[in-house]
Amino acid sequence: MYASSSTRSTAHRIDLRSDTVTKPCAAMRAVMAAAEVGDDVYGEDPTVRALESRVAEMAGMEAGLFVPSGTQSNLIALMCHCNRGDEVIVGADYHTFVYEAGGVAAVGGIMPNPLPTDSNGGLSVEQVKAAIKPDTTWFAQARLLALENTVSGQIQAPEHIDALCRTAADHGLAVHLDGARIWNAMVALGVPLARLSSSLDSLSVCLSKGLGAPVGSVLCGRRDFIHKAARIRKMLGGGMRQAGVLAACGLFALEHNLARLAQDHANARCLAEGLADIDRLTVHPGDTNMLFLEAEEPDRAPLVAHLAGHGILVGPPAQRIRIVTHLDISEDDIRDTIDVIRQYYE
Ligand SMILES: *Cc1c(COP(=O)(O)O)cnc(C)c1O
């Protein structure tokens, strides 16, 4: 019944660890080769400028800044909004707090105040209000609320983001949103990007996740914010010269790889449905291109090893094993993955 798994070529690797593993296609490499470039530290790279304005326009913000990574983009934003000793209120499982090597504290000198998130990855208005400390000489003062969308593939509702931003504004806090995968939320909700960013002070988006560019993020905000951000980017070593060869990939990705994120979402749904009836496996489907498999012990490590033996890579064995669909994953790959997982449980 599941013959396809044993007959498929294991030379073809199915890499479901992350949507960062995509490789630029021939057409993307061609636009890199043809890109018009200049010295971007002098503000003279026309392709970088085109990308920055394109993303800022989509986000409904005044200006954009092309940066090497999402991590640097978030750090720049936090350092722009906060002085040393200021506090940032953040979800305890958000990327800025957990997965950025502690840069906010080590480099920024900023004090994180991490709050537990709900099952959808969100923070509540009440939580944020309660976390803002009174103005005394002994409390660090919160200057910023740092949000994320999507959170582990879960969409944060635009109305809820708006409500959090109103609360933050009422208390004199700015709001930064880490939108590494906001494109997935945008496509899944069928709304313009600006609908998801209209109440934010700054937004960071990744080009190197679902969009499939090899490198780069864009930080968006008001013109004066972006001017300050460019100085901090330089301080952090992120000022790039003929970066148009990379920005060209971003422009290509926005044109060709944005609407197709719907296919990644459909593939993730199909995978979740194909595994739903396995007794010893609980599937946590997401809203977009991620799902999590909760295997009973002692299945976790052997399941991941069984998949690897068939050339299928997933997240590390843990209580929840992460699976991410992307540009380089086909419907056939999804069918093969279902077959190989089912074979493990037979
Ligand atoms: C990937 C990611 C980033 C930035 O990652 P880089 O690898 O530094 O580009 C930021 N936030 C989230 C939620 C991410 O998934």
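The values are calculated or read from the model by the stated rules, or taken from the named source; none is laboratory data. Just so it is clear, the structure is predicted and the values come from calculations on it, not from any experiment. Glycine gets a Cβ as well: all are built from the backbone with ideal geometry, and neighbour counts include every protein chain shown.
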Taking only pairs six or more apart or across chains, which ones have beta-carbon atoms under 6 Å, a first residue in the stretch 56-85 that is under 14 Å from K228 (Cα atoms) and of a type in the set (D, E), and a second residue that is modelled with pLDDT of 95 or more and not in a helix (DSSP H, G or I)? E62/R222
As an exercise: evaluate G309 against (1) buried (at least 17 other Cβ atoms within 10 Å of the Cβ); (2) under 17 Å from R13 (Cβ atoms) and give the number of the one condition it does not meet. (1)
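Table: residues versus (1) closer than 30 Å to V67 by Cβ; (2) of a type in the set (D, E); (3) surrounded by fewer than 16 Cβ atoms within 10 Å (Cβ to Cβ).
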position: L246; (1), (2), (3): yes, no, no
position: L258; (1), (2), (3): yes, no, no
position: N267; (1), (2), (3): yes, no, no
position: R280; (1), (2), (3): no, no, yes
position: A295; (1), (2), (3): no, no, no
position: R300; (1), (2), (3): no, no, no
position: V314; (1), (2), (3): yes, no, no
position: V324; (1), (2), (3): yes, no, no
When only residues in the stretch 158-192 that are more than 23 Å from L78 (Cα to Cα) and surrounded by fewer than 18 Cβ atoms within 10 Å (Cβ to Cβ) count, which is nearest to the ligand (Cβ to nearest atom)? L189
Residues being of a type in the set (G, A, S) and away from the ligand (no atom under 12 Å from the Cβ): count how many of those fall in the stretch 139-157. 3
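Condition check ((1) surrounded by 14 or more Cβ atoms within 10 Å (Cβ to Cβ); (2) farther than 19 Å from H95 by Cβ; (3) at pLDDT 95 or above; (4) within 13 Å of the ligand (Cβ to nearest atom)) across all residues:
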residue	(1), (2), (3), (4)
I14	yes, yes, yes, no
T20	yes, no, yes, yes
P24	yes, yes, yes, no
G43	no, yes, yes, no
M58	yes, yes, yes, no
A63	yes, yes, yes, no
G70	yes, no, yes, yes
Check E297 against each of (1) outside any helix (DSSP H, G or I); (2) within 22 Å of the chain's Cα centre (by Cα) and name the one condition it does not meet. (2)
Just to be sure, is G212 crowded, with 24+ Cβ neighbours inside 10 Å and under 30 Å from N267 (Cα atoms)? yes
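Among the residues that make up the stretch 283-290, is at least one of them aliphatic (A, V, I, L, M) and part of a helix (DSSP H, G or I)? Break it down stepwise before answering.
Taking the stretch 283-290 and keeping what is aliphatic (A, V, I, L, M), we get 283, 290.
Okay, now just the ones that are also part of a helix (DSSP H, G or I), so none.
For the stretch 283-290, residues aliphatic (A, V, I, L, M) and part of a helix (DSSP H, G or I): absent.
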Filtered residues of the stretch 199-244 (kept if in contact (Cβ under 8 Å) with a residue 60 or more places away in the chain, charged (D, E, K, R) and either in contact with a strand residue (DSSP E or B) (Cβ under 8 Å, 6 or more places away or on another chain) or more than 16 Å from the ligand (Cβ to nearest atom) (or both)): D201, R222, R223, K228, R233, K234, R241
Looking at the stretch 198-219, can you tell me whether even one residue there is assigned to a helix (DSSP H, G or I), of a type in the set (D, E) and more than 14 Å from V48 (Cβ to Cβ)? no
Tell me, please, whether a residue that is in a helix (DSSP H, G or I), within 30 Å of S330 (Cβ to Cβ), away from the ligand (no atom under 16 Å from the Cβ) and touching a His at 6+ places or on another chain (Cβ under 9 Å) can be found in the stretch 72-93. no
